[in-house]
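J.: Encoded as structure tokens, here's the structure I'll be asking about.
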Amino acid sequence: MSGGITLLVDGEPVTGAPGQSVAAVLVAAGRPGGVFCGMGVCFGCLVTVNGERDVRACLRDAGDGDVVGTQPREPS
Ligand code: FES
């Protein structure tokens, strides 16, 4: 058994593996967004995770059931 995890990305379920970063899951799902450096430098990968804004997807471990939003930040 693979023990995969499922994230909800912009309302769509996307599967990944435990220990992957949110960015890795997005890239594997063909939704790379702004992932450029993959190591927390470029800030291109900002997403919302479970309502938390400005999370760098490449530095956040993906968790089963995480709700990820890849839209650009909303105007305040
Ligand atoms: S990909 Fe560059 S900060 Fe995440």
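The values are calculated or read from the model by the stated rules, or taken from the named source; none is laboratory data. Bear in mind the structure is a predicted one, so any value in this text is a computation, not a measurement. Neighbour counts are summed over all protein chains in view; Cβ atoms, including those assigned to glycine, are modelled from backbone coordinates with ideal geometry. The accessibility values were calculated without ligands, DNA or RNA, using every heavy atom of the protein model including side chains. Shrake-Rupley method; radii C 1.70, N 1.55, O 1.52, S 1.80 Å.
J.: Could you list, in sequence order, the residues of the stretch 45-65 that are near the ligand (Cβ under 9 Å from one of its atoms), open to solvent by less than 70 Å² (accessible area, probe 1.4 Å) and of a type in the set (A, V, I, L, M)?
T.: The answer is L46, A57.
J.: Right, here's the next one. Of all residues in the stretch 1-13, which are free of Cβ contacts under 8 Å to residues at least 40 places away in the same chain and either closer than 16 Å to T70 by Cα or open to solvent by 70 Å² or more (accessible area, probe 1.4 Å) (or both)?
T.: In the first step, residues of the stretch 1-13 are kept if they are free of Cβ contacts under 8 Å to residues at least 40 places away in the same chain; the result is 1-4, 11-13.
Listed by number, the residues that qualify are M1, S2, G11, E12, P13.
J.: How many residues does the stretch 14-27 hold that are within 14 Å of T70 (Cβ to Cβ) and open to solvent by 50 Å² or more (accessible area, probe 1.4 Å)?
T.: The total comes to 1.
J.: What number of residues within the stretch 17-44 are assigned to a loop (DSSP other than H, G, I, E, B) and either in contact (Cβ under 8 Å) with a residue 12 or more places away in the chain or near the ligand (Cβ under 6 Å from one of its atoms) (or both)? Give the derivation first.
T.: Quick first cut of the stretch 17-44, residues assigned to a loop (DSSP other than H, G, I, E, B) only: 17-20, 29-44.
Now restrict to residues that are either in contact (Cβ under 8 Å) with a residue 12 or more places away in the chain or near the ligand (Cβ under 6 Å from one of its atoms) (or both): 17-20, 29, 31, 33-44.
Matching residues across the stretch 17-44 total 18.
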